[in-house]
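Some notes on the structure that comes next.
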Amino acid sequence: MTGSRQASRHRARAAAERSRRRKRSRTRTVLTVTVSLLVLVTAGAGWVYMRLNGNISTFSSDGVSGDRPPASTKGSNVLVIGSDGRTGGNSDLGGGDKDDVGRSDTAFLLHTYADQKHAIAVSIPRDTLVDIPPCKLPDGTWSRPQTDVMFNAAYSVGGTAKGNPACTQNTVEKLSGLRVDHTVVVDFKGFATMTEAVGGVEVCLPQDVYQRDLNPNRATRGKRIFAKGPQTVSGQRALDYVRIRHGIGDGSDIGRIKRQQAFVASLLKQIKSDGLTPTKLLPLADAATRSMTVDPGLGSADKLVSFAMSMKDIDLHNTKFVTVPWKYQGARVAIVHPDADALWASLRADRTLDGQDAGGKGHAETTAPSPGADEPDYGTGVSVAVYNGTTVTGLAARAAHMLEEHGFTVTDTTTASVRTQVKTVIEYGPGQKDQAGKVARAIPGAELTPVATTGIAVVLGTTYATEPEATASAPPSALPSQVAEDARSADDNPCSNLSYG
């Protein structure tokens, strides 16, 4: 019996050991498969990021001005430039001669509010008359400032096929008083490829469009290329749609901007409807990055993805498109003041078109009243140059925009020859003391100093940088109703508000 019990126990132990071995074998197999899958998934993600990183081109930040508006904690600003550069296959899509310099056909400043639930894109017509500040040239020198020139001339400064995104960024910052956090350039080829990646974009035409509407140099009307009404376009047809200028409305760039805004709105709607899944986003990201040029701050796949995902909660209805207030000035477009000033001020204060505080802090945050708030335009008719006498970056631009909000005409903003100024000084020429007094009204504590030369100049000192009046944001003026009325939401009917004139 004893031998039988021992044999039985031996068989039981042997069976248990075999069972443990089988379990360990199955566990090792499961672990091996799991680890292998993780390695494959990780390697796949790495491959995707390497591919996207390899697509991205950046432009040098050396050309960004040193005299910039201050960085803001109220939202972020991205400048989007549509380029008709002639390189990389763009000439085949209507870009023109390959040896021509790069030009910007369209541009808008996208302001994303701090609450990450609202956004607004402000279009700047390409033939708007603006002042272009000094810009860095390919040989390392800086250009002379230009006054009353077409806005798209900034992108052509330097005469290179790749254009000059930094110069356009400098110009927009000077124009708006908003610091541009990032700049993105999208060329013809990239635009066409992105529309194909999302399976086409719904657009609408107010009338039939013919070949001569796209190319007014044709001798005959040509074939019909678009029928009146809604339709889906991609690739070359999408590009033709956003480039149409003649034959619709008054044939102006303003009307084309309206259709471009409708197109971008429709593109956003299509992306949202597809869902933010890797299957849908990868082809779009691949197409976008292959034809994008960005600033170094967006120069990697993870940075671009992070930026894109930061806007995923913005509702289509809360995504607005407007054009900077404008009027015709001969064959060009002039900015309307103070309407445009009120628009820029509202964005600096992170207020939506309807006056809502979207700064992420509700209405608890208060701002100091600006000097002469009861008479906001008391500086009308007074010209003044502003010089930064300190090492505080962006101080001249900050003061200039404050003065412009009170009606002053700022003729120049630059760095003073001496950077150790403590007290702010207002220099004025013969017979200009009263006008200088108006400037002093806007800058309490500044010292009035007569000089022999004609003109009024403000030399900012470190006291201006630290005084509450300099750092507080003045309450933005009420936006003219026309600005809000002309706005397009991303969820609007694609057939509405398509032309001007």
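Calculate, in nm to one decimal, what Leu282 and Thr449 gain on full extension: separation in residues at 0.36 nm each, minus their alpha carbon distance. Provide the component values of the computation, followed by the final result.
Details: separation 167, 0.36 × 167 = 60.12 nm, distance 6.23 nm.
Going from the current span to full extension adds 53.9 nm.
Taking 0.36 nm per residue of separation and subtracting the Cα-Cα distance, what length does fully extending Gln236 through Asp486 add?
Values: separation 250, 0.36 × 250 = 90.00 nm, distance 2.88 nm.
Between Gln236 and Asp486, full extension yields 87.1 nm more.
Treating cross-link reach as a plain straight distance, find the lysines whose alpha-carbon is under 16 Å from the alpha-carbon of Lys327, omitting any fewer than eight places away in the same chain.
Lys327 reaches Lys258.
Using only the heavy atoms of the protein chains and a 1.4 Å probe, how would Trp326, Trp344, Trp142 rank by accessible area, largest first?
Trp142, Trp326, Trp344
Distance between the C-alpha centers of the stretch 225-299 and the stretch 148-220? Whole Å please.
11 Å
Taking Lys223 as the anchor, which aspartates and glutamates have their alpha carbon closer than 12 Å to its alpha carbon, excluding any fewer than eight residues away along the same chain?
List returned: Asp208, Asp213.
To the nearest 10 Å², what's Asp492's accessible area with a 1.4 Å probe?
50 Å²
Listed here are the pairs Lys269/Lys303; Lys269/Lys312; Lys162/Lys280; which of them are more than 18 Å apart at the Cα?
From the list (Lys269/Lys303; Lys269/Lys312; Lys162/Lys280), the Cα-Cα distance tops 18 Å for Lys269/Lys303; Lys162/Lys280.
Pick out, from Gly235, Cys204, Ile225, the residue whose Cα sits farthest towards the positive end of the charge dipole of the stretch 197-245, with +1 on the Cβ of Lys and Arg and -1 on the Cβ of Asp and Glu.
Ile225
Leaving ligands, DNA and RNA out of it, work out the accessible area of Glu404 with a 1.4 Å probe and give it in Å² to the nearest 10.
Answer for Glu404: close to 60 Å² accessible.
Accessible area per residue, 1.4 Å probe, Å², for the stretch 199-357: what's the number?
Here the per-residue accessible area is 45 Å².
Given a Förster radius of 45 Å and the C-beta distance between Thr58 and Asp434 as r, what FRET efficiency does 1/(1 + (r/R0)^6) yield to the nearest 0.05?
Step by step, r from the Cβ atoms, then E = 0.35.
Which value in nm describes the separation of the simple spin-label points at Arg51 and Asp250, placed 7 Å from the Cα toward the beta carbon?
It is 4.8 nm.
The values are calculated or read from the model by the stated rules, or taken from the named source; none is laboratory data. Since the model is a prediction, treat every value here as computed from it, not as a measurement. All Cβ positions, glycine included, derive from the backbone under ideal geometry; neighbour counts span all protein chains shown. Ligands, DNA and RNA are stripped out before the accessible areas are found, and what is left, the full protein with its side chains, is counted by its heavy atoms. Shrake-Rupley method; radii C 1.70, N 1.55, O 1.52, S 1.80 Å.
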